[in-house]
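K.L.:
My questions all concern the structure below.
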Amino acid sequence: MATQTAEINPSPTEKKKLIRRTAPDRSQRIRLLVQIFFVLLNAWLGVQFYLWVRYFERGGVGLQVARPAGVEGWLPIAGLMNSKFFLRTGHVPAIHPAAMFLFMAFLLMSLLVKKSFCSWICPVGTVSERLAKLGRKIFRRNLRVHRWIDIPLRGLKYLILGFFAVMIGMMSAATIGEFMHTPYGLIADVKMLNFFRDMSQSAAIVIVALFLLSILIENFWCRYLCPYGALMGLASLLSPLKIRRNPDACIDCAKCARACPSNLPVDRLVTVRSVECAACMACVAACPAQDALQLSLAPNRVKPGLPAPSPLAWYRRAVGPLAITAILATIFFGFVLYARASGHWHTNLPNAVYQELVPHANEASHPGLE
């Protein structure tokens with residue numbers, strides 16, 4: 001799949017005069033604060049979920065905490081299945097409803113603000129970004145995969161996404177409902193936890209390899225293997241926000257292209273339309289020129305008979321990091337609060353059911369493999 005489609009603007013031969021930005025860029029500092037918040041939130045959910053599981057594994061003895069429904073955000077397949085169930089039946093699923101609401105929230109973020117979920121919210125993306133920075137500290141640079149290898153490798157995540165899309169696409173709403181009520185479906189979150197607690201040697205080797213590759217190659221997992229990111233990237237094609245470059249103000253220093261974690265040629269594009277753009281604004285932060293680069297809406301259409309808009313018309317429709325934070329927070333907390341208020345956030349199963357299933361989670365096999 002092509003990773004970029006945008007207008008190419010040839011660089012001029014003569015050097016342009018730099019008009020430096022008047023205000024300091026705060027996008028990366030604000031984005032880091034948002035990332036830290038969601039990492040801490042997920043850590044808190046993880047600890048609470050672990051304590052909840054241990055309570056039932058001990059036979060109902062010890063500290064009892066409520067099951068955190070937010071942990072279902074780590075069940076994207078369940079979120080996709082439940083979304084299809086909801087669209088087909090009009091009913092919110094009873095099992096893992098939070099997975100559906102969080103999946104829809106993250107998808108809406110991509111529809112409005114590019115693939116911002118990956119670069120602002122996803123803890124895996126945050127860890128991957130930190131590992132790449134560690135690699136630059138150790139080796140002073142990250143490896144750049146040559147274009148003829150990079151583009152085919154990026155297609156892997158779309159193949160994985162296609163596999164899941166075809167499998168779920170073949171399931172009827174009734175089949176999805178039945179699957180969710182199987183022991184495997186009921187405690188899919190517990191099985192996810194046990195995967196990491198009882199990790200096999202081969203799985204550990206794969207994860208260590210992914211960590212090492214993420215140190216050497218920036219965003220290795222996100223760039224080549226993450227099907228969730230692939231879906232968010234496809235949804236982001238419909239986003240009205242794009243990274244837009246003003247050729248008149250640009251001094252062709254290429255700092256934006258070097259800063260881009262997706263290796264996009266931002267310095268040669270007028271509008272970045274790539275599915276790989278995650279709205280991280282690293283390119284904007286790196287740009288030294290006033291009014292040269294910004295994440296913004298498209299300029300207003302020119303009415304017949306009126307003069308063409310100024311080259312900076314799009315800049316007046318720019319969206320800054322605080323606005324992005326406000327949009328993401330509104331979507332995230334809006335979906336969560338609505339689900340809670342409507343009574344569709346928690347999976348309401350009796351403790352007796354969990355007491356029977358949780359201690360034997362590893363014995364619950366996938367219905368399709370029985």
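K.L.:
Could you tell me which of the residues PHE211, PHE220 is under 30 Å from HIS366 (Cα atoms), surrounded by fewer than 21 Cβ atoms within 10 Å (Cβ to Cβ) and aromatic (Phe, Trp, Tyr)?
P.N.:
Residue meeting the stated conditions: PHE211.
K.L.:
Oh, and also: Does VAL53 fit the bill of being assigned to a helix (DSSP H, G or I), in contact (Cβ under 8 Å) with a residue 60 or more places away in the chain and farther than 29 Å from ILE243 by Cα?
P.N.:
The answer is yes for VAL53.
K.L.:
Taking VAL113 and the conditions (1) crowded, with 23+ Cβ neighbours inside 10 Å; (2) β-branched (Val, Ile, Thr); (3) touching a His at 6+ places or on another chain (Cβ under 9 Å), which numbered condition does it fall short on, given that it satisfies the others?
P.N.:
Of everything listed in (1) crowded, with 23+ Cβ neighbours inside 10 Å; (2) β-branched (Val, Ile, Thr); (3) touching a His at 6+ places or on another chain (Cβ under 9 Å), VAL113 misses just condition (3).
K.L.:
Same structure again: Among the residues of the range 211-223, are any outside any helix (DSSP H, G or I) and in contact with an Asp or Glu (Cβ under 9 Å, 6 or more places away or on another chain)?
P.N.:
Checked against the condition, which is being outside any helix (DSSP H, G or I) and in contact with an Asp or Glu (Cβ under 9 Å, 6 or more places away or on another chain), the range 211-223 yields at least one hit.
K.L.:
Taking the range 265-294 on its own, how many of its residues are in contact (Cβ under 8 Å) with a residue 60 or more places away in the chain, crowded, with 21+ Cβ neighbours inside 10 Å and either on the phi > 0 side of the Ramachandran plot or touching a strand residue (DSSP E or B) at 6+ places or on another chain (Cβ under 8 Å) (or both)?
P.N.:
Counting residues in the range 265-294 that are in contact (Cβ under 8 Å) with a residue 60 or more places away in the chain, crowded, with 21+ Cβ neighbours inside 10 Å and either on the phi > 0 side of the Ramachandran plot or touching a strand residue (DSSP E or B) at 6+ places or on another chain (Cβ under 8 Å) (or both) gives 9.
K.L.:
Test GLY177 against the stated conditions and say whether it is surrounded by 16 or more Cβ atoms within 10 Å (Cβ to Cβ), within 30 Å of PRO68 (Cα to Cα) and of a type outside the set (Phe, Trp, Tyr).
P.N.:
Answer is yes for this residue.
K.L.:
Let me ask something additional. Only residues that are over 26 Å from HIS91 (Cα atoms) and charged (D, E, K, R): list them for the range 315-340, please.
P.N.:
ARG316, ARG317
Per-residue answers, yes or no, for (1) modelled with pLDDT under 95; (2) closer than 30 Å to ALA174 by Cα; (3) assigned to a helix (DSSP H, G or I); (4) charged (D, E, K, R):
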residue: ALA6; (1), (2), (3), (4): yes, no, no, no
residue: PRO24; (1), (2), (3), (4): yes, no, no, no
residue: LEU33; (1), (2), (3), (4): no, no, yes, no
residue: ALA43; (1), (2), (3), (4): no, no, yes, no
residue: LEU80; (1), (2), (3), (4): no, yes, yes, no
residue: MET100; (1), (2), (3), (4): no, yes, yes, no
residue: LEU108; (1), (2), (3), (4): no, yes, yes, no
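K.L.:
Just the residues that are part of a helix (DSSP H, G or I) and modelled with pLDDT of 90 or more, please, taken from the range 135-149.
P.N.:
Within the range 135-149, GLY135, ARG136, LYS137, ILE138, PHE139, ILE149 qualify.
K.L.:
Looking at (1) part of a helix (DSSP H, G or I); (2) at pLDDT below 95, which one does GLY162 not meet, given that it meets all the others?
P.N.:
(2)
K.L.:
Oh, and also: Please note which helices (runs of 4 or more DSSP H) are completely contained in the range 259-370 and include at least 1 residues that are farther than 26 Å from LEU107 by Cα and modelled with pLDDT of 90 or more.
P.N.:
Per the criteria, 282-286, 351-357.
K.L.:
Pick from the range 232-258 the residues that are part of a loop (DSSP other than H, G, I, E, B) and crowded, with 22+ Cβ neighbours inside 10 Å: which of them is modelled with the highest pLDDT?
P.N.:
LEU241
K.L.:
Then there's this: Considering TYR228, TYR184, which residue is of a type in the set (Ser, Thr, Tyr), closer than 29 Å to ARG67 by Cβ, assigned to a helix (DSSP H, G or I) and over 19 Å from the mean Cα position of the chain (by Cα)?
P.N.:
Result: TYR184 is the single residue among TYR228, TYR184 that is of a type in the set (Ser, Thr, Tyr), closer than 29 Å to ARG67 by Cβ, assigned to a helix (DSSP H, G or I) and over 19 Å from the mean Cα position of the chain (by Cα).
K.L.:
Search the range 135-146 for residues that are free of Cβ contacts under 8 Å to residues at least 12 places away in the same chain and loosely packed, with under 10 Cβ neighbours inside 10 Å and pair each with any residue that is among the hydrophobic types (A, V, I, L, M, F, W, C) and not in a helix (DSSP H, G or I) when their beta-carbon atoms are under 7 Å apart and the residues are at least 6 apart or on different chains.
P.N.:
Here the result reads none, with nothing in the range 135-146 linked to a residue that is among the hydrophobic types (A, V, I, L, M, F, W, C) and not in a helix (DSSP H, G or I).
K.L.:
Look through the range 67-108, keep the residues that are out of contact with any Phe, Trp or Tyr (no Cβ under 7 Å at 6 or more places or on another chain) and among the small types (Gly, Ala, Ser), and return whichever of them is surrounded by the most Cβ atoms within 10 Å (Cβ to Cβ).
P.N.:
Among them, the one singled out is ALA99.
The values are calculated or read from the model by the stated rules, or taken from the named source; none is laboratory data. Source: prediction; values computed, not measured. Cβ sites come from the backbone with ideal geometry, for glycine too, and all protein chains shown count toward neighbours.
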